[in-house]
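Below: the structure, in structure tokens.
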Amino acid sequence: MSERRMFTKKITESDAFLDMPATTQMLYFHLSMNADDDGFVNNPRKIQRMCGASNSDYDTLIIKRFIIEFESGVIVIKHWKMHNYIQKDRYKPTDYSEEKNMLIIKDNKSYTLDPKKVDTKRIQNVYKKNGEYSEETHEIVDYLNSVCGTKYKPTSAVTKRYIHARIKDGFSVDDFKEVIDKKSSEWLGTEMEKYLRPQTLFCTKFESYLNQPNKKKSETEGWAAS
């Protein structure tokens, strides 16, 4: 196996990569350095612990599609072939041929799962296993930040607690977006703007926020989380 690894700035200096926490970026580099010549890693959790990264860091790499995890626990670096070209005389094929056969290589040289060979529902369950409601949480927080100009992190324990509680109540991602739209329209530019935050928007008054009329009000309603 080759001892040298390369990284393309198309990935490591992209907005999607740099928007991740520094610890998540660090984990990506460590996983890449420990990958075989086809980009596969059979002990990603050990590497995570070794470099002091958290479960949230690992989950983020999966949700953001920087790594692909298989049911076996093996992972592959999605953009491996964009990063690395290994000469034939130094190349050693991966031992994880079963996982490799589940992949196809896109025109940009990134790996993606072959829909003809993979049960997409099963793979989605693998993603779910690695972080309850992780994908939904990232989408909701990203939307809140884009609408309100905030910088909340989807990995924050407080933020996840409020979002997960409302999802368990049966509310959808679209419901969260509707509440964000309604309250931002009402509160942006007022003294209430500071309350455009997860613990206020997604508290026990979430349902009443969702059902309020679609118009800006002259007077604010109660907002404090119970």
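See the values below:
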read-out: Some residue of segment 67-74 being over 30 Å from K151 (Cβ atoms), of a type outside the set (A, V, I, L, M) and in contact with a Ser or Thr (Cβ under 9 Å, 6 or more places away or on another chain); value: no
read-out: Residue satisfying all of: in segment 88-110; part of a loop (DSSP other than H, G, I, E, B) and of a type in the set (D, E); modelled with the lowest pLDDT among these; value: D89
read-out: Of all residues making up segment 167-191, the number that are crowded, with 16+ Cβ neighbours inside 10 Å, more than 15 Å from S146 (Cβ to Cβ) and under 19 Å from the mean Cα position of the chain (by Cα); value: 1
read-out: Selection from segment 21-45 of residues that are assigned to a loop (DSSP other than H, G, I, E, B) and either in contact (Cβ under 8 Å) with a residue 24 or more places away in the chain or outside the structural domain of E71 (by TED's automatic domain parsing) (or both); value: P21, A35, D36, D37, D38, G39, N42
read-out: Tally, over segment 179-208, of residues that are farther than 27 Å from S56 by Cβ, in a helix (DSSP H, G or I) and not aliphatic (A, V, I, L, M); value: 9
read-out: One residue from A22, A53, A35 being surrounded by fewer than 16 Cβ atoms within 10 Å (Cβ to Cβ) and on the phi < 0 side of the Ramachandran plot; value: A22
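The values are calculated or read from the model by the stated rules, or taken from the named source; none is laboratory data. These numbers come from a predicted model, not from an experiment. Glycine gets a Cβ as well: all are built from the backbone with ideal geometry, and neighbour counts include every protein chain shown.
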